[in-house]
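To start, the structure itself, in structure tokens.
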């Protein structure tokens, strides 16, 4: 894999990302941070709840999901549970972005194979670091 100017290894193919949050403002913030990451980004999809996210996952190739927990219609945990149950989605990088950083929430997320848990408010580096994990993943 090639290295970028900072010496960080980057994937050779663009990473398709799905951002799931009921707040349009938060989706915009995460999208801006993703655009600044030193990882080649392909398509960035957005969903306002877990059900919309599942529809996107069924129709598109997604390598990383950034999801909130507390959303109407279908929560982030229900979404993560569905991702965990589907073998064809097993290589998706799962990232929780939530205001609830309690130990209980983090343990629940770990049980659903969440790779990274980012507590709001967050620094842009947290999102970049989460995306950099995909350089070693088999998803690409």
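The values are calculated or read from the model by the stated rules, or taken from the named source; none is laboratory data. Remember, predicted model here, so these are calculated numbers, not experimental data. Positions of Cβ are generated from backbone atoms using ideal geometry, with glycine treated the same way; all protein chains shown enter the neighbour counts.
Condition check ((1) in contact with a strand residue (DSSP E or B) (Cβ under 6 Å, 6 or more places away or on another chain); (2) surrounded by fewer than 17 Cβ atoms within 10 Å (Cβ to Cβ)) across all residues:
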residue	(1), (2)
16	yes, no
20	yes, no
27	yes, no
42	yes, yes
50	no, no
57	no, no
90	no, yes
98	no, no
102	no, yes
Taking the range 9-36 on its own, how many of its residues are within 16 Å of residue 63 (Cβ to Cβ) and not in a strand (DSSP E or B)?
9
Is it true that some residue in the range 37-45 is part of a helix (DSSP H, G or I), within 18 Å of residue 115 (Cβ to Cβ) and at pLDDT below 95?
no
So residue 84, is it free of Cβ contacts under 8 Å to residues at least 60 places away in the same chain and either in contact with a helix residue (DSSP H, G or I) (Cβ under 8 Å, 6 or more places away or on another chain) or in a loop (DSSP other than H, G, I, E, B) (or both)
no
Restricting the range 87-112 to residues that are free of Cβ contacts under 8 Å to residues at least 40 places away in the same chain and in a loop (DSSP other than H, G, I, E, B), the one nearest to residue 131 (Cα to Cα) turns out to be 90
